[in-house]
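Written below as structure tokens is the structure these notes are about.
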Amino acid sequence: MENKKDIRALTKDELRDFFVQNGDKSFRGNQVYEWLWSKSAHSFEDMTNISKETRQMLEDHFVINHIEVDTMQRSSDGTVKNAVRLHDGLIVESVLIPTNTRTTACVSSQVGCSLDCNFCATARLKKMRNLNPDEIFDQVAAINQESLLYYNHKLSNIVFMGMGEPLMNYNNVLKSIEKITSPEGLGMSPKRITVSTSGIPKMIKKLADDDVKFNLAVSLHSAIDEVRSRIMPFSKAFPLKDLKEKTNSRITYEYVVWAGINDNKEAINALVKFCKYVPCKVNLIEYNPIDDGEFQQATPQAISDYISILEMNDVIVNVRKSRGKDIDAACGQLANKS
Ligand code: SF4
């Protein structure tokens with residue numbers, strides 16, 4: 001069992017070759033590939049148009065390390081949080097966020113996180129490992145099914161804003177997006193996918209070099225180095241001047257306003273200045289305290305000061321209400337508590 005390979009690590013061509021080498025037709029590889037990716041088969045048993053002998057042969061050679069939804073919680077506002085169990089028993093969380101116009105999946109890219117954003121519950125979990133492309137894909141597929149079940153329509157958007165820093169699992173995140181956007185996977189447009197990073201300059205540059213088509217969001221939270229490194233200590237190694245990398249599309253800055261930290265004019269003016277460097281927009285995100293510590297949501301007045309000054313300076317600004325607070329599914333709250 002231990003020696004069996006996860007069949008989803010094979011490309012379509014490798015799967016076709018496998019069948020030819022085992023005396024079958026290459027198109028059998030297409031059929032199995034479709035089961036694995038478009039139909040999200042959890043086991044070889046599910047592949048009903050494949051003969052019993054062939055299924056047994058696959059069973060003898062491979063495993064399907066599919067995730068299993070371990071627990072599912074539904075919030076009073078319709079948000080759904082999945083705690084998903086990986087093949088090695090580790091757990092990550094993903095969230096379905098419904099609004100009137102869209103349903104969004106928020107997915108995890110790592111088990112735990114190696115970064116140390118002080119406001120984030122995930123930071124308190126040690127990073128165990130990166131997620132494989134299929135484990136990321138499975139989270140999306142599971143949420144797509146829940147969206148169909150509860151809201152009668154397919155998932156419309158995906159954000160990589162769950163547990164982990166996606167750009168520290170760069171290759172697997174990109175491979176998962178390849179599958180999500182492929183017609184043989186979920187066929188979603190890359191324009192509907194946003195990868196959210198805490199800001200790793202080298203990797204942001206790599207995204208531009210690799211000419212990716214999905215959107216990028218950067219958790220900025222402050223445009224003043226000293227303040228930002230108080231919020232996200234790792235960012236001492238990545239000063240803001242290095243974060244001004246151009247990407248191929250408009251970048252989104254995620255920004256939480258906290259009482260006593262960045263709810264002042266100096267912080268707003270620094271943000272306005274920072275927004276001039278590259279085409280961008282700002283999402284002001286409502287915060288959910290994870291304890292009684294130093295990070296508490298600022299007053300509505302402080303938020304409206306941000307909005308009016310940003311708008312006065314022609315910066316596009318949106319306010320993002322947090323969802324799923326009652327089930328610890330909101331931004332910064334994912335910590336495997338369920
Ligand atoms: S906010 Fe993101 S990058 Fe920062 S500790 Fe939490 S999961 Fe990691």
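Shape call for segment 1-151 from the C-alpha gyration tensor, a ≥ b ≥ c root eigenvalues: rounded (a/c under 1.5), prolate (a/b greater than b/c) or oblate? The partial results should precede the final answer.
Working: a/c = 2.71, a/b = 1.71, b/c = 1.58.
Prolate, since a/c reaches 1.5 and a/b exceeds b/c.
Would you grab the residues whose amide H sits under 5 Å from the one on Ala223? Only those 5+ places off in sequence or on another chain, please, with H modelled 1.01 Å from N.
Excluding prolines and chain starts, which carry no amide H, the hits are Leu271.
Can you tally the net charge around Pro239? Count Lys and Arg as +1, Asp and Glu as -1, for every other residue whose Cβ sits under 11 Å from the Cβ of Pro239.
Surrounding charge for Pro239 is +1.
Considering only Leu243, Gly293, Ile303, whose Cα is most displaced toward the positive end of the charge dipole of segment 233-323, charges sitting on Cβ of Lys, Arg (+1) and Asp, Glu (-1)?
In segment 233-323, that residue is Leu243.
Taking the Cβ-Cβ separation of Asp225 and Gln296 as r and a Förster radius of 30 Å, what is the calculated FRET efficiency to the nearest 0.05? Please report the intermediate quantities before stating the final value.
Values: r = 23 Å, r/R0 = 0.75.
Given R0 = 30 Å and the Cβ-Cβ separation, E is 0.85.
When you count, for each residue, the other Cβ atoms within 10 Å and take the mean per peptide, how do 37-48, 101-112 rank with the highest first? Walk me through the numbers on the way to the answer.
Working: 37-48: 15.3, 101-112: 22.8.
Final packing ranking: 101-112, 37-48.
Residues of segment 69-148: accessible area per residue at 1.4 Å, in Å²? Mind dumping the intermediate values first?
Values: 2930 Å² over 80 residues.
Solvent-accessible surface per residue comes out at 37 Å².
Anything over 32 Å Cα to Cα? Flag those among Lys39/Lys281; Lys179/Lys276; Lys175/Lys321; Lys175/Lys236, in the order listed.
Numbers: Lys39/Lys281 37 Å; Lys179/Lys276 35 Å; Lys175/Lys321 30 Å; Lys175/Lys236 30 Å.
From the list (Lys39/Lys281; Lys179/Lys276; Lys175/Lys321; Lys175/Lys236), the Cα-Cα distance tops 32 Å for Lys39/Lys281; Lys179/Lys276.
What number, in percent, do you get for the relative contact order of segment 151-229 if the mean sequence gap of Cα pairs under 8 Å and at least 6 apart is divided by its residue count?
Working: 77 pairs, mean separation 22.9, N = 79.
With pairs under 8 Å counted, the relative contact order is 29 percent.
Are any of the pairs Lys81/Lys126; Lys4/Lys25; Lys25/Lys127 more than 32 Å apart by Cα-Cα distance, and if so, which?
Numbers: Lys81/Lys126 21 Å; Lys4/Lys25 22 Å; Lys25/Lys127 43 Å.
Over 32 Å Cα-Cα: Lys25/Lys127.
What list of ³J(HN,Hα) values in whole Hz, one per residue of segment 174-185 in order, does the Karplus curve 6.51 cos²θ - 1.76 cosθ + 1.60 (θ = phi - 60°) give from phi, with Gly and Pro shown as x?
Using θ = phi - 60°, the values come out as 5, 5, 5, 5, 4, 5, 5, 8, 5, x, 7, x Hz.
R0 = 51 Å: FRET efficiency of Asn118 with His42, Cβ-based, nearest 0.05?
Calculated value: 0.85.
Can you run phi through the Karplus equation (6.51, -1.76, 1.60; θ = phi - 60°) for segment 120-132 and list ³J(HN,Hα) in whole Hz, with x for Gly and Pro?
Per-residue couplings from phi come out as 10, 5, 5, 4, 7, 9, 5, 6, 9, 5, 7, 7, 6 Hz.
Might you tell me the accessible area per residue for segment 179-266, computed with a 1.4 Å probe and given in Å²? All intermediate terms of the calculation are to be shown ahead of the outcome.
Values: 3790 Å² over 88 residues.
Using a 1.4 Å probe on heavy atoms only, each residue of segment 179-266 averages 43 Å².
For the chain, with all protein chains present and a 1.4 Å probe, just round the carbon and sulfur fraction of the accessible area to a whole percent.
Carbon and sulfur: 49 percent of the exposed surface of the chain.
Using 0.36 nm per residue of separation minus the Cα-Cα distance, give me the extension gain between Asn318 and Asn269 in nm, one decimal. Each step should come with its number before you reach the end.
On the way: separation 49, 0.36 × 49 = 17.64 nm, distance 1.74 nm.
Between Asn318 and Asn269, full extension yields 15.9 nm more.
Amide H neighbours of Val63 under 5 Å, at least 5 residues apart or on other chains, H built in the peptide plane: list them.
Result for Val63 returns Lys5, Asp6, Ile7.
How large are Rg and Dmax for segment 70-226 when calculated on the C-alpha trace, in angstrom?
15.2, 47
What is the mean projected area of the alpha carbon convex hull for the chain, to one decimal in square nanometres? Write out the running numbers ahead of the final one.
On the way: hull surface 70.7 nm².
In nm², the orientation-averaged hull projection of the chain is 17.7.
What are the residues whose amide H is under 5 Å from the amide H of Ala41, where those residues sit 5 or more places off or on another chain and H is modelled from the backbone?
So Ala41 has HN proximity to Leu36.
Normalized C-alpha radius of gyration of segment 217-338, against 2.2 N^0.38 Å? Display every interim value, and only then the final one.
Numbers: Rg = 14.4 Å, N = 122, 2.2 N^0.38 = 13.7 Å.
For segment 217-338, the normalised Cα radius of gyration comes out at 1.05.
Where does each of 156-166, 59-69 land if you order them by average Cβ count within 10 Å, highest first? Intermediate values should be presented prior to the final figure.
Numbers: 156-166: 24.8, 59-69: 16.8.
Order by mean packing, descending: 156-166, 59-69.
Across segment 96-112, in residue order, what do the Karplus-derived ³J(HN,Hα) couplings come to in whole Hz, using 6.51 cos²θ - 1.76 cosθ + 1.60 with θ = phi - 60° and x for Gly and Pro?
9, 10, x, 10, 5, 10, 8, 10, 10, 9, 10, 10, 8, 10, 9, 8, x
The values are calculated or read from the model by the stated rules, or taken from the named source; none is laboratory data. This one's a predicted model, so the numbers in the text were calculated from it and none came from an experiment. In this analysis, Cβ positions are derived from the backbone assuming ideal geometry, glycine residues included, and neighbour counts consider all displayed protein chains. These area figures cover heavy atoms from the full protein model, side chains too; ligands, DNA and RNA do not enter into them. Shrake-Rupley method; radii C 1.70, N 1.55, O 1.52, S 1.80 Å.
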